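The block underneath contains the structure these notes are about, expressed in C-alpha cells.
Values in this text are rule-based calculations from the coordinates and carry no lab data. The model shown is predicted, which means the values in this text are computed figures rather than measured ones. Here Cβ is always computed from backbone atoms with ideal geometry, including for glycine, and neighbour counts include all displayed protein chains.
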Amino acid sequence: MTIELIGLENIPIVDDKSDISQIIKDAIIEQGCQLKHGDIILIAETLISKSEGNFIRIDDLEPSDYAMDLAKKANKDPKLVQAILNESNEVVEIGPSFIITETKQGFVCANAGIDESNVGDGLATPMPIDADKSAFEIREFLEEEFEEEIAVIITDTQGRAFRFGAIGTAIGCSGISPIWKRVGEKDLYGRELETTEIATCDELAAAASLIMGQADEGLPVVLIRGFSSFDILRNVESNIKPVLMPKEFDVFRK
C-alpha cells in the first residue's frame, strides 16, 4: 500500500474575510492534483480560527488574582494565563512552563490549545469554536465542486502524557470516523481482537503534520491520497467526540 502526502502550495495569509473552502479549491486546481475518491484534506486549526476572525488580543486582557497565581507557578505571562482560563472548563494540572486544562470543546491539552505562532504581534488564536462544523462545511463544498467523496480533518499540534514533543492531532472531522473499532477481527495467528480501537484521524493528522511543519513552512493544508480504509471508515455524520475520553474513565484526573 502506498499513501501520498501532498502539501497544498499557494495558500495565502488569511483573515476573517477569507473563504477557506474556495482557497483550498483554487490551490488544488492550481497545483494540478484535483480531488479523487477517498482523498482526505487536513487543515491546520490556526487557518480555521484566523478565517473565522477568532483571535485573542492578549494585551487587552486583565488577569484575575487566580490567573496571577497560576502565572507564577507556571512561569507564564499573567495575561496569557487569563486567556487560557477564558478558553477552559477547568484546570487539570500545572507544569513548570505549561498549564493543562480541559478546553471548552472538551480537549485536555496544554494551555487550552492557544497558539501564538503564525499570527500578528499581540495576537493569539484559540481552538476553532466548532472544528467539526468547519470540517463539515468545507467537505460539503469540495465534494460538490469536485463530485468526489472525500473527508476533511482539522488538526492541532499537541503534546502527549509521558512523552516529550508534540504531534499532529485531530480536533474535528467530517466524512470519516475518527475511531476504527477492530474488535472481532483476527490477528495474524487467528486470535480474535478483543479491545483494539485505532484513533485513525489522529494517525492521519500526525502524518500530515510532517508536511505542515511548525515554523515557516507555509503548508497549512495537506492532501492525503491512497488511504485504503477510507471506504470502511466513511461516515458523513462523523465528529470528533468518539475520541474524547469521559472524565470518569480518565485515570489521570481521579
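Okay, here's what the table says:
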quantity	calculated
L61, L142 arranged by Cβ crowding within 10 Å, fewest neighbours leading	L61, L142
Local electrostatic count, K36, Cβ distance below 9 Å [Lys/Arg +1, Asp/Glu -1]	-1
Of K50/K104; K73/K133; K50/K79; K50/K73, those spanning more than 27 Å from alpha-carbon to alpha-carbon	K73/K133; K50/K73
For the chain, built as a Gaussian network whose Cα springs stay under 10 Å, the top-fluctuating residue of E144, E116, E194	E194
Most to least packed among 39-51, 88-100 [average Cβ atoms within 10 Å]	39-51, 88-100
Ranked S177, S228, S18, criterion: other C-beta atoms within 10 Å, fewest first	S228, S18, S177
The chain: most fluctuating residue of L210, L188, L223 per GNM, C-alpha cutoff 10 Å	L188
Assigned charges on the beta-carbon of Lys, Arg, Asp, Glu; the chain dipole about Cα centre (debye)	960
Paramagnetic label zone (point 7 Å from Cα along Cα-to-C-beta, L244; backbone N under 19 Å) in the stretch 39-82	45-46, 48-49
Net charge, G226 excluded, C-beta distance under 13 Å - Lys, Arg +1, Asp, Glu -1	-1
Cβ-based net charge around D65, under 14 Å, with every Lys or Arg adding one and every Asp or Glu removing one	+1
Degrees separating the helix 65-74 axis from the principal Cα axis of the chain, which is the longest one	70
By average C-beta atoms within 10 angstrom, highest first, the peptides 148-155, 161-168	148-155, 161-168
